[in-house]
């Protein structure tokens, strides 16, 4: 299995988790569970971005995911009741 394939799969997994974070109410994301914290996913993306041979499409995808994590972290807090109405 190539390194690019593994990195692509890792980014796909991170993307799926970011989708979940975007759907979750803040009260759940603030729990002391590492995988619910945007910083956890930033660190995982950072380990991919240090690859000097990372193909541009994967680098672009990783950067887009980082931008989404930034939006999650800076979004106004909302309650579980508001989130369930979506």
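Annotation note: Cβ proximity below 9 Å between a residue of the stretch 42-69 that is within 14 Å of residue 6 (Cα to Cα) and a residue that is part of a loop (DSSP other than H, G, I, E, B) (sequence gap 6+ or interchain) occurs for 48/54; 58/51; 59/51; 62/54. Counting only helices (runs of 4 or more DSSP H) that fall entirely inside the stretch 15-76 and contain at least 1 residues that are at pLDDT 90 or above and surrounded by 11 or more Cβ atoms within 10 Å (Cβ to Cβ), the qualifying elements are 38-49, 56-74.
Is it the case that residue 6 is part of a helix (DSSP H, G or I) and modelled with pLDDT under 95?
Criteria not met by residue 6.
The values are calculated or read from the model by the stated rules, or taken from the named source; none is laboratory data. Bear in mind that the values here come from a model prediction, so they are computed numbers and not experimental data. Every residue, glycine as well, gets a Cβ built from its backbone with ideal geometry; the counts of neighbours run over all protein chains shown.
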